[in-house]
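Here the structure is laid out as structure tokens; the discussion comes afterwards.
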Amino acid sequence: ETGVTQTPRHLVMGMTNKKSLKCEQHLGHNAMYWYKQSAKKPLELMFVYSLEERVENNSVPSRFSPECPNSSHLFLHLHTLQPEDSALYLCASSQDSSGGAGQETQYFGPGTRLLVL
Amino acid sequence: AQTVTQSQPEMSVQEAETVTLSCTYDTSESDYYLFWYKQPPSRQMILVIRQEAYKQQNATENRFSVNFQKAAKSFSLKISDSQLGDAAMYFCAYRSASNSGYALNFGKGTSLLVTP
């Protein structure tokens with residue numbers, strides 16, 4: 001496997017279900033991100049982990065819970081979602097250097113298409 | 001927060017022709033990074049080109065080049081010799097160069113259609 005992988009690629013869940021999205025990066029990066037892409041809206045940053053610590057959380061509802069057990073893996077745990085949470089969830093990674101977090105390019109996975117019924 | 005505007009929801013170009021996609025952004029920062037990403041129907045977000053704001057020279061990557069106008073806060077993408085495989089959504093994105101600049105701020109995208 002190369003680059004950034006995400007599983008599953010498609011997920012249908014009911015509002016009472018609990019599911020998890022998985023992201024794995026094979027690039028040796030030290031920062032990972034979750035983005036949400038909804039129709040007709042710009043991508044929205046949800047969470048950022050740098051060196052396995054959460055460094056940014058953009059007012060995301062608590063029904064989304066991230067987990068970063070190590071620098072290569074990132075999870076997004078989902079529970080009691082709403083239909084408006086249906087979207088494409090994209091994971092990304094980057095190598096953030098000591099010179100500033102903004103330097104490095106983010107590389108994206110293929111996304112998980114989530115449908116909440 | 002920095003905003004990124006792509007004023008062209010859709011563009012069309014004939015194969016082998018040249019097309020320019022527009023992007024403007026709003027920021028009070030002097031140091032930042034700008035990106036163009038391509039998202040084909042497979043939904044994989046692929047980096048096309050990147051520009052550092054402190055560099056005056058416009059970035060180029062093969063058939064892709066940018067026109068970076070810092071004073072005007074404009075960052076357009078030119079695709080030369082368009083190919084059918086260039087058909088995709090194109091997103092312009094901004095990232096701060098500050099230590100807290102983790103987020104990529106994306107525009108709403110431009111859908112590019114390439115006709116034979």
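In units of the rule-of-thumb radius 2.2 N^0.38 Å, the protein assembly as shown shows an alpha carbon radius of gyration of 1.01. Solvent-accessible area per residue in the protein assembly as shown equals 47 Å², computed with a 1.4 angstrom probe and all protein chains kept.
Which residues among segment B:85-116 fall inside the zone where the amide N is under 16 Å from a point 7 Å beyond the Cα of B:E15, along Cα→Cβ? The answer is B:85-88, B:113-116, whose backbone nitrogens lie closer than 16 Å to the label point. Accessible surface for B:T5 stands near 70 Å², nearest 10, in the context of the full protein assembly shown (1.4 Å probe). Among the residues of B:30-39, the average count of other protein chain beta-carbon atoms within 10 Å of the residue beta-carbon is 2. Could you check what % of the DSSP bridge pairs in chain B are antiparallel, to the nearest 5? Beta bridges within chain B, antiparallel portion: roughly 85 percent. Binning the C-alpha pair distances of chain B at 10 Å intervals from 0 yields a P(r) profile of 14, 49, 30, 7, 0 %, listed from the shortest bin outward. If a paramagnetic tag sat 7 Å from the Cα of B:S74 along the Cα-Cβ line, which residues of segment B:1-36 would have the backbone N under 11 Å from that point? Residues B:22-24 fall inside that zone. In a DSSP loop and with at most 14 other Cβ atoms within 10 Å, the trypsin sites (Lys or Arg not before Pro) in segment B:16-116 are B:K55, B:R63. Site pair B:N58 and A:R9 shows an inter-label distance of 3.7 nm when each label is modelled 7 Å from Cα along Cα→Cβ.
Of the GluC sites (Glu not before Pro) in segment A:1-90, the ones in a loop by DSSP (not H, G, I, E or B) with at most 11 other beta carbons within 10 Å are A:E1.
Taking all protein chains together and rolling a 1.4 Å probe, A:V12 ends up with roughly 90 Å² accessible.
Each Lys and Arg contributes +1 and each Asp and Glu -1, all at the Cβ; summed about the Cα centre of segment A:28-117, the dipole is approximately 360 debye.
The values are calculated or read from the model by the stated rules, or taken from the named source; none is laboratory data. Only a predicted model underlies this, so the values are computations on that prediction, with no experimental measurement involved. As a convention, Cβ positions derive from the backbone with ideal geometry for all residues, glycine included, and neighbour counts pool all protein chains shown. Heads up: the accessible areas ignore ligands, DNA and RNA and are worked out on the full protein's heavy atoms, side chains in. Shrake-Rupley method; radii C 1.70, N 1.55, O 1.52, S 1.80 Å.
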